[in-house]
Each structure stands twice: as C-alpha cells, then as structure tokens.
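Asker: Dropping the structure in here first, questions after.
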Amino acid sequence: MNIRTGIHKLMLFFVALFLALSVGLVYWQVVVADQVAANIHNNRPYLCANSPQRGRILDRNGVVLAESITQDTCSYVRHYTDPSLAGLIGYYVGLRYPPTGIESQFDDILSGRAGLTAMSNIVNKTLHRPPVGDDIYLTIDARIQRSVAKHFDDPIDIVPGKTFVTDRGSVVVSNPHTGEILAMLSRPTYDPNKVVQTLMKGDESYYNSLVQDPKQPLLERPIQQLYSPGSTYKTVTLMAGLDSGKATLNDPYDREKALGPIFYTGEKFGPIGNNIDGYTFRFPVTTEYAFVHSDNIIFAQIGVKTGAETWLDYNKRFFVGEQVKIDGLLPVVVSKVQNTKKPLEQNANALAANAFGQGTNSISPFQMSLINNIVANDGQLMQPAIISKIVDPTNKSTIQSFSSKTLGSQQISSQTATSVRRAMYGVVRCGSGSIISEKYGQQWNIIGKTGTAEIDGIQPAHSWMITQAPYSVESQGVPPAVTIVAMKENGGEGGAVVGPMIADVYNDIFSNGYVKASRPPQTDTREYCCNSGMLQVGC
C-alpha cells in the first residue's frame, strides 16, 4: 500500500474523530446542557469552579432577606434573615432538592440563567469562574413585616364561646394604588435555615416533620389556602348591588324584611342569622345600617334582588374563579363561589347564603385583599406585585424595574367605591368593628368590614377583617393609602380577634412614617353614629 495513501486515510480517520467529538461536545454542552446540569447525579455544580454565587433577595429598602454565605473555601449555603417570610420567599438547598416560593419562581434570575447576567456567565463558565446571579428587591417592607409578625401574637380578650386562642392565620398588607405587597404573613411558619442546613447534610427528618405536621407550616396560607369568608363577603354583594343599580345605601327594610323569616322559592330563610334584633327598634332600617351591623337577612335579600347573573359577573370582575398571578409568575390558588352540584342561577337560597358569605364561597386571604384594594383604589384593581427591581450585583446597576399597571378594566365606578368606603367607616365607628376605635381607629380613621365565618357548627368560626386607612369623613373621595386583610383560623368573632392587631400595625406604619400619610381630621363617634342613624342605642 502506498504510504501516502495510508497517511491520507489516517488523517481522514482523525478528522472524523475530531468532528464526532465536536458534535458530541455541542450536543452535551449546548443542546442538552440544562438537562445535564439539572440531573441529580451530576456533581459538577458542586465543584469549586462551578459553585454558583446565587443572587440576594432584599426588601424594598435594601434590607437583606436571603443571601448565600460562604460555607468553606468554595461552596455557599443559603441563609434567611426573617422566618416570618419563609413561606413566601421559600428556600433553596441546591440541585438535589427543588426550591420553593420566590426562590423557585425567580430561580433563573437568582441563578444567573436569565437576563444580561446570563451572558456574563457564559464568559464565567469559559474561564472556570463561578456563575453569578442577580439580586432581587421585593416590594416587602421588612419593618412592616416585623410589625405584623409581632402583633399577630398579641394576646386577645378571651370570651367563652366567642373568642379563642389560635396560632394559625394570614395577613396581607398592600398599597392599593400600586398593587405592591408591603407585608405577607402566614402562620404557623418554619425555620428555612434549618431546612437548608439539614437537607444539605442529607438529613430529611426536620423536613419530614414539617410535612407531617397537621398545622401545615409549609403552606403559604395567604395564597395557597381557601376559607369561608363570612361577612367580609357582604362587601362584594354591596359593590355588586350599588354598581349595578339594584341597590342603594338608603334602601329601606321594614321590620318584617329586616328581621325575617323570609322565603325564597317556597323555602324558609331565617330568622337564623338575623344580627340586629337585639338593638334595633326603629324601622325601616337601610342597606347601610345592615352593612354596618353585618345583618345576614337583609344581605340575603340584596343578593337575590341583584340576581345570580349580575352577582356572578361582579365576582368575575374581581377575579374570583380566575387565575391570578403575582407579577405574572407567583400563582395564587383560585377562589370560587359556585356550587358545581347546582348553579346559583337555579337556587335562590344558595345565592342568598353566598351573598352574605356563608354559602359555597371558598376564598383565599389574598383574594380578599384584591377585593379590598378595588374599594380603596376608587374601583380599579392594580396588578399585584412582589418584585420591585432586579439589580446586577457586580456594578449595582438596575437591570429591570417594575412599574404599577392596572389589572383588567375598571371593576366598579369611583362613586360606588366611595359609597362602600363610607359604609366601611360606619362598621368601625358604629358597628361590628368598633373595637378598633378603642385603640387607634379614631386616630387614623381605620375603616373595614368584619367577618365571622361559621364552618361546621362544631369548630370555632374563622376570624376575618378587611381594612383601609387613613380615611377622611370630610374628604370621602380621597382613597386610603394602605390596606390590611387579616384572618385567624378558628378564632371566633372577627372584629374582636384580629381588630386590635390590625390597629396596632396601622399605628406602627403611620406613626413611624413607613408609609407617608396625613392624619385625618377627627370626628366625634357618638355624634356621627347618632346623626347618621347607624346607632339606635344611646342616642
């Protein structure tokens, strides 16, 4: 054989091997690179050259909430500074365990796989330098978060058969005009640092104890749990009735219609649920009076008068039954009001019960926050937001900032929103939420609606309150600056259980200037309630 021919064949053989190797490298390092990196049997991410410097999570003012701390000469461990945010922020252990919460939803940004930092990390990988993730600034205010966590544990007055001690519940604090979430609390919570430290060692005992705990500490209750909303849902019925023209605040109800019993489709409704008989002796009473004193009988009638089609339409406007995502990524469990067995359009009694919040309604605390924000923002809901901006940690430049935007078209008219706020003012000054006025309700003119959601007749009711502040009687068209929705599971009467806590949080927010707001003019409570007809005793 000619030696030249042999050398030529050998050269072709090596060229073929080189091409095959090149194709293989392209396939493994480009085509299926993400799958390889995510494989739990791949240990390369744990090598010094590949150990990622994960981006930090900070509050709106730059307070560090999560960061990666050097564990040894080259690896990092995630550290969290506020356990009250554990369910929202979640935890990040490494590739062997899936991240949760914000750590999961924004993993590409924090790990440097997305955005401008991802391009820089291509160079880092080539030079065998650790990849670097971007920092995320939340809309959360750590000062308000600490206030909520502190006051959630404040003792309450225990009244046998009415109020009960509970360590389970949710709080959502919002800016209704931007959609920004200023604080979000879920109780009970867990220690995310202990989760990270034990799982990194391969010890799953602590994590398993959380999974098996009947109190479900891993559950982020504000966005992942549904409850009966009780009388807070009368706010939805009031908005639907007023905005559709089917009701006004001054509609009269005589003694028979106010106290019941009433009948729908031949079925008796009431007098169970009549809340005003013990202190009401002048009739007729109005829609506003019924809202202030949380009367079920009258709101059952308002719901039926509004009609199932219209009532359901407004629920849909408020995104009940729709998927809502915070910042378009963090999902919220879908709330619902329909009974799948028999539609409300075919069942007047079911509609009546839903209208005052004790029917088939299953609502998340975050959904109630959205409904509350519609009222506070003159009828327009803003896109809920948890991310303020994304920052490149190497040069501190802002890669992306988030601005407020509306969520859907105007849900209700500004006139309707103003009327509902007026009724909510009466609740706190003259009605079921008056316990707030005993603390800082008058100082900051907190307004709201209470809810005591009966469950099964055996367990204590869930305790609810949706609130806004500050409110001015003289300038009713000026919307409040902050909203707070709070609930405690099986706590009993809503106003008595969560009202004092809410008042303390508002006082912390405004007194310390966490949110700038002018102190509203003061109004004499007794004079207002008597002159408006919202009180019939002591006037």
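The values are calculated or read from the model by the stated rules, or taken from the named source; none is laboratory data. No experiment lies behind these values; they were computed from the predicted model shown. Ideal geometry is used to build each Cβ from the backbone, glycine not excepted, and the neighbour counts take in all protein chains shown.
Asker: Restricting to the range 162-189, name every residue that is within 12 Å of the chain's Cα centre (by Cα) and part of a loop (DSSP other than H, G, I, E, B).
Answerer: Matches in the range 162-189: Gly179 only.
Asker: For Arg96, work out the one condition from (1) modelled with pLDDT of 95 or more; (2) more than 29 Å from the chain's Cα centre (by Cα); (3) charged (D, E, K, R) it doesn't fulfil.
Answerer: It is condition (1) that Arg96 fails.
Asker: Of these, Leu329, Leu344, which one is at pLDDT below 90, of a type in the set (A, V, I, L, M, F, W, C) and either touching a Phe, Trp or Tyr at 6+ places or on another chain (Cβ under 6 Å) or surrounded by 22 or more Cβ atoms within 10 Å (Cβ to Cβ) (or both)?
Answerer: Leu344
Asker: Out of the residues in the range 245-271 that are among the aliphatic types (A, V, I, L, M) and under 28 Å from Arg421 (Cα atoms), state the one that is surrounded by the fewest Cβ atoms within 10 Å (Cβ to Cβ).
Answerer: Filtering first and then ranking leaves Leu249.
Asker: Please name all residue pairs, on different chains or six or more residues apart, with Cβ atoms under 6 Å, provided the first residue is in the range 279-306 and is among the polar types (S, T, N, Q) and the second residue is at pLDDT 95 or above.
Answerer: Partner pairs satisfying both residue conditions: Thr286/Asn250; Thr287/Ala247; Thr287/Leu249; Thr287/Asp251; Ser294/Ser231; Thr306/Ala240; Thr306/Gly241; Thr306/Lys246.
Asker: Among the residues of the range 371-417, what is the count of those that are surrounded by 21 or more Cβ atoms within 10 Å (Cβ to Cβ), in a loop (DSSP other than H, G, I, E, B), hydrophobic (A, V, I, L, M, F, W, C) and within 17 Å of the chain's Cα centre (by Cα)?
Answerer: Qualifying residue count for the region: 2.
Asker: Restricting to the range 289-337, and then to whatever is within 19 Å of Asn372 (Cα to Cα) and of a type in the set (Val, Ile, Thr), can you tell me which residue is farthest from the chain's Cα centre (by Cα)?
Answerer: Ranking the qualifying residues of the range 289-337, first place goes to Val292.
Asker: Restricting to the range 192-221, name every residue that is touching a Leu at 6+ places or on another chain (Cβ under 9 Å) and not in a helix (DSSP H, G or I).
Answerer: Of everything in the range 192-221, those that are touching a Leu at 6+ places or on another chain (Cβ under 9 Å) and not in a helix (DSSP H, G or I) turn out to be Gln216, Pro217, Leu218, Glu220.
Asker: Then there's this: Residue pairs, Cβ under 8 Å, 6 or more apart or interchain, first in the range 194-208 and within 14 Å of Arg78 (Cα to Cα), second part of a helix (DSSP H, G or I) and modelled with pLDDT of 95 or more. List them.
Answerer: As it stands, the answer is Lys194/Tyr206; Val195/Tyr206; Val195/Tyr207; Val195/Leu210; Thr198/Ser205; Thr198/Tyr206; Thr198/Tyr207; Leu199/Tyr207, since those pairs meet every condition given.
Asker: I need a count of the residues in the range 66-102 that are surrounded by 23 or more Cβ atoms within 10 Å (Cβ to Cβ) and without any contact (Cβ under 8 Å) to a residue 40 or more places away in the chain.
Answerer: The total comes to 1.
Asker: Keeping to the range 356-378, report how many residues are at pLDDT 95 or above and closer than 25 Å to Gln415 by Cα.
Answerer: Residues meeting the conditions: 13.
Asker: Mind listing whichever residues of the range 272-325 are touching a His at 6+ places or on another chain (Cβ under 9 Å) and either at positive phi or not in a loop (DSSP other than H, G, I, E, B) (or both)?
Answerer: Val285
Residue by residue, here is whether (1) within 18 Å of the chain's Cα centre (by Cα); (2) at pLDDT below 95; (3) of a type outside the set (Gly, Ala, Ser) holds:
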position: Ser419; (1), (2), (3): no, no, no
position: Ala423; (1), (2), (3): no, no, no
position: Gly431; (1), (2), (3): no, yes, no
position: Met465; (1), (2), (3): yes, no, yes
position: Val478; (1), (2), (3): no, yes, yes
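Asker: Ok, one more. Anything in the range 326-340 that is under 20 Å from Gly179 (Cβ atoms) and in a loop (DSSP other than H, G, I, E, B)? List them, or say none.
Answerer: Asp327, Gly328, Leu329, Val333, Val334, Ser335
Asker: Taking helices (runs of 4 or more DSSP H) that do not extend beyond the range 430-539, which have at least 1 residues that are crowded, with 24+ Cβ neighbours inside 10 Å and aliphatic (A, V, I, L, M)?
Answerer: The helices (runs of 4 or more DSSP H) meeting that bar are 494-511.
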